[in-house]
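**Q** The structure's right below; bear with me while I get my questions together.
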Amino acid sequence: MRFIRPLFMLLFACSVIQQHQTSFAQTVPPTINAIPLPIGSGARALGMGGAFIAVADDATAASWNPGGLTQLERPELSVVGSFLSTQQDWNPGSTGLLSLDQERISSGDLNYASVAYPFRVCGKNLVAALNYQQKYDFHIEFDYDRIFEDPEAKFFDKSSTDFKSRGGIAALTPSIALQVIPKLSLGIAVNFYTDELFGDFAWRGKFKRITKGSNSGNDFSSSFNEEQTFKNFQAVNVTVGMLMNVWEREEKHLTFGAVFHSPYTADMDRILDSVSVGIDETGTTIDIKHLPEHFKIDFPMSFGAGLGFRYTDALSFSLDVTWTDWSEFEQEDELGNESRPLGFVSTDREIDDTHAARFGTEYLIFRQKMIIPVRGGFFYEPRPSLDDSTDVYGVSVGSGITSKRFSIDAAYQFRWANDVDGEDFGGVLNGTHFDLNEHLFLASVIVYF
């Protein structure tokens, strides 16, 4: 699954906090602030720890490895729903952000939907599919209280901050795969990224802050309300995959899969509307802004390879490794200014590439009219970070019921990381760290025709 999607929306929230800490009239640089790992969807894949490149035998293969689509023998319709709950336990350090102790994020959404149809062409299997994938989930709520005091300057202020965001980005993905020779299949999927289909924007964030204090005996207060609407997200990239049967003996066989996700540049607009009110001994000041702007973000390419080993008809194993070129992750505003989306630092600051590894297994219990799978997996999936990547680990389990006409699957994944560096989220969180705990549930229904 996508890598801690709501967590990285904190980048957006904390960048707003950073910009308003000293002056409520300043604004945040435009950025998507999400980490888009090019990996796939589906309850079966999740239950196997995401080690699915050399398996890819359902319609979610369009995201994992489109070469695997040729394994579909009948037309099928699939729908996948998700529920994600993420918790960050913060160590606020010396920032003075008093409520940064524990933050929870929960959201549910349509994760994946597809329709796939196999054909026979010159005795070879050809499969075409149309897929919907939710790529980024920007649902988040984030709040804290901050107190700052300088007795020598006789200055004191206390602020309460609240941030909420809703929305997401999806991709419509037509895909096709061909069985080139009996043991080799090739496939390609074209991802058309766009705003979510059910709204007129990609995501929208609302920021509110109220401050009260005194300066040399003079009281002051201020309020700030800002709404940022991100829309017209446009990008296209391709996913190319191959699946090969490399060894077979009796009921045992070994498959090899490889997939490449091309780099791409996303264009999008941001519309900023804000109202700030300040009251001090000199009177009241009001500042109203409406700022539309355009920016681009370069997303990295990635490459993955995997092995799938079926030991018996009932027992199978899979192993994947993935490399992602995060060193190319950059953004550019409409004035040509370039920066890193992580921490809003110069492109001179390094972001290391990441290498992930996943292992999964599946055991099938055969009954008279149905099959009951039992799945499990674990993985190491580092997240990109300024200077050094952050170690992230996870485990997953899953099961379901498969019959002649339908398949129902469910999976649970737990992911964790320790001492994640707050510097990635902007200057206000420099010196902070947090521990991450994420719970992800997927449920899917596949109907065969």
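The values are calculated or read from the model by the stated rules, or taken from the named source; none is laboratory data. In this text the structure is predicted, and so the values were computed from the model without any measurement. Glycine gets a Cβ as well: all are built from the backbone with ideal geometry, and neighbour counts include every protein chain shown. Quick note on the areas: whole protein, heavy atoms, side chains included, nothing else; ligands and nucleic acids left out. Shrake-Rupley method; radii C 1.70, N 1.55, O 1.52, S 1.80 Å.
**Q** Only sites in a loop by DSSP and with at most 16 other Cβ atoms within 10 Å count here; which trypsin sites (Lys or Arg not before Pro) in the range 175-236 make the cut? Intermediate results must be reported in sequence, preceding the final value.
**A** Details: sites: 183, 204, 206, 208, 209, 212, 231; in loops: 183.
Loop-located and lightly packed - 183.
**Q** Assign unit charges at the C-beta atoms only (+1 for Lys and Arg, -1 for Asp and Glu), then state the dipole size of the range 325-441 relative to its Cα centre in Debye, rounded to the nearest 20.
**A** Details: 10 positive and 23 negative charges, 368 e Å.
Charge dipole of the range 325-441: 1760 debye, to the nearest 20.
**Q** Turning to a different aspect of this structure: Could you derive backbone 3J(HN,Hα) for the range 243-251 from the dihedral phi with the Karplus parameters 6.51, -1.76 and 1.60 (θ = phi - 60°), listing whole Hz in sequence and x where the residue is Gly or Pro?
**A** Residue by residue, the range 243-251 yields 9, 10, 8, 9, 7, 8, 8, 6, 8 Hz.
**Q** May I ask for the net charge around residue 375, where only other residues with Cβ less than 10 Å from the Cβ of residue 375 are counted and Lys, Arg are +1 while Asp, Glu are -1? The partial results should precede the final answer.
**A** Working: positive: 44; negative: 362, 409.
That works out to -1.
**Q** Could you compute the FRET efficiency for residue 328 and residue 288, with r as their C-beta to C-beta distance and R0 at 51 Å, rounded to 0.05? All intermediate terms of the calculation are to be shown ahead of the outcome.
**A** Details: r = 38 Å, r/R0 = 0.75.
According to the calculation, E is roughly 0.85.
**Q** Taking 0.36 nm per residue of sequence separation and subtracting the Cα-Cα distance, how much length would be gained by fully extending the chain between residue 238 and residue 122, in nm to one decimal?
**A** Working: separation 116, 0.36 × 116 = 41.76 nm, distance 2.65 nm.
The residue 238-residue 122 span can extend by a further 39.1 nm.
**Q** Which pairs in the list 183/404; 135/231; 154/289; 135/289; 158/231 are over 23 Å apart, alpha-carbon to alpha-carbon?
**A** Details: 183/404 26 Å; 135/231 15 Å; 154/289 32 Å; 135/289 31 Å; 158/231 34 Å.
Over 23 Å Cα-Cα: 183/404; 154/289; 135/289; 158/231.
**Q** Right, another one. May I ask you to derive the FRET efficiency for residue 312 and residue 91 from their Cβ-Cβ distance with R0 = 35 Å, giving the value to the nearest 0.05?
**A** Working: r = 48 Å, r/R0 = 1.38.
It comes out at approximately 0.10.
**Q** With every atom except the alpha carbons ignored, what do you get for Rg and Dmax of the range 271-319, in angstroms?
**A** My reading of the Cα-based Rg and Dmax gives 28.7, 81 Å.
**Q** Beyond 15 Å, what share of the Cα-Cα pairs of the range 232-293 is found? Please give it as a whole percent. Write down the numbers at each step before the final one.
**A** On the way: 1420 of 1891 pairs.
Percentage above 15 Å: 75.
**Q** May I pose another question? Can you compute 3J(HN,Hα) from phi for each residue in the range 437-444, using the Karplus curve 6.51 cos²θ - 1.76 cosθ + 1.60 with θ = phi - 60°, rounded to whole Hz and x for Gly and Pro?
**A** 10, 10, 10, 10, 10, 10, 9, 9
**Q** Another question, if that's okay. Given 37 °C and 0.692 mPa s, compute D for the range 162-273 with the Stokes-Einstein relation, Rh being the Kirkwood radius over Cα pairs; round to the nearest whole µm²/s.
**A** On the way: Rh = 18.7 Å.
This corresponds to a translational diffusion coefficient of 176 µm²/s.
**Q** Please work out the Kirkwood hydrodynamic radius for the range 247-383, using every pair of different C-alpha atoms, and report it in angstroms with one decimal place. Walk me through the numbers on the way to the answer.
**A** On the way: mean 1/r = 0.0498 Å⁻¹.
In the range 247-383 this quantity evaluates to 20.1 Å.
**Q** Over the range 230-334, calculate the relative contact order: mean separation of alpha carbon pairs under 8 Å at least 6 apart, over the residue count, as a percent. Kindly include the intermediate steps, with their values, before the conclusion.
**A** Numbers: 229 pairs, mean separation 27.8, N = 105.
It comes to 26 percent, rounded to a whole number.
**Q** I would also like to ask the following. Protein chains only, probe 1.4 Å: how do 389, 407 rank by accessible area, largest first? Numbers along the way, then the final one.
**A** Working: 389 40, 407 5 Å².
Ranked list, largest accessible area first: 389, 407.
**Q** Still on this structure: Write down the Å³ per residue value for the convex hull defined by the alpha carbon atoms of the range 109-183.
**A** On the way: hull volume 10.6 nm³, N = 75.
That works out to 142 Å³ per residue.
**Q** Now a separate question. List the residues, sorted by chain then number, that are 5 or more residues from residue 180 or on another chain and whose placed amide H is less than 5 Å from its amide H.
**A** Counting only residues 5 or more places away or on other chains, the set is 185, 186.
**Q** Using a 1.4 Å probe and counting only protein heavy atoms, arrange 261, 290 so the residue with the most accessible area comes first. Can you show the working numbers first?
**A** Numbers: 261 15, 290 110 Å².
Greatest to least solvent exposure: 290, 261.
**Q** Taking θ = phi - 60°, what integer Hz values does the Karplus form 6.51 cos²θ - 1.76 cosθ + 1.60 yield along the range 106-116, in sequence order, with x for Gly and Pro?
**A** Here the 3J(HN,Hα) series is 9, 7, x, 6, 6, 8, 7, 8, 7, 9, 10 Hz.
**Q** Same structure again: Contour minus end-to-end for residue 337 and residue 441, with contour as 0.36 nm per residue of separation and end-to-end as the Cα-Cα distance? Numbers along the way, then the final one.
**A** Working: separation 104, 0.36 × 104 = 37.44 nm, distance 3.97 nm.
The residue 337-residue 441 span can extend by a further 33.5 nm.
**Q** Which length gain, in nm to one decimal place, applies between residue 216 and residue 389 when the Cα-Cα distance is subtracted from 0.36 nm times their residue separation?
**A** 57.8 nm
**Q** Regarding the range 316-449, what is the average projected area of its C-alpha convex hull, in nm²?
**A** Numbers: hull surface 45.5 nm².
About 11.4 nm², averaged over all directions.
**Q** Further question on the same structure: If we restrict to alpha carbons, what Rg and Dmax does the range 298-361 come to, in Å?
**A** 18.2, 60
**Q** With an 8 Å Cα cut-off and a minimum separation of 6 or more residues, compute the relative contact order for the range 317-449 in percent. The partial results should precede the final answer.
**A** Values: 308 pairs, mean separation 24.4, N = 133.
In percent, rounded to a whole number, it is 18.
**Q** Ok, one more. Percent relative contact order of the range 300-367, based on C-alpha pairs within less than 8 angstrom and at least six residues apart? Mind dumping the intermediate values first?
**A** Numbers: 112 pairs, mean separation 24.5, N = 68.
It comes to 36 percent, rounded to a whole number.
**Q** Name the residues whose placed amide hydrogens come within less than 5 Å of the amide hydrogen of residue 253, ignoring near sequence neighbours (fewer than 5 apart) on the same chain.
**A** 310
**Q** Using R₀ = 56 Å, calculate the FRET efficiency as 1/(1 + (r/R₀)^6) where r is the Cβ-Cβ separation of residue 405 and residue 158; round to 0.05.
**A** Numbers: r = 62 Å, r/R0 = 1.11.
Here the calculated transfer efficiency is 0.35.
**Q** Below 11 angstrom from the Cβ of residue 208, what's the summed charge of the other residues (Lys, Arg +1; Asp, Glu -1)? Present the calculation step by step, with values, prior to reporting the outcome.
**A** Values: positive: 164, 206, 209; negative: 143, 162, 226, 227.
Once positives and negatives cancel, what remains is -1.
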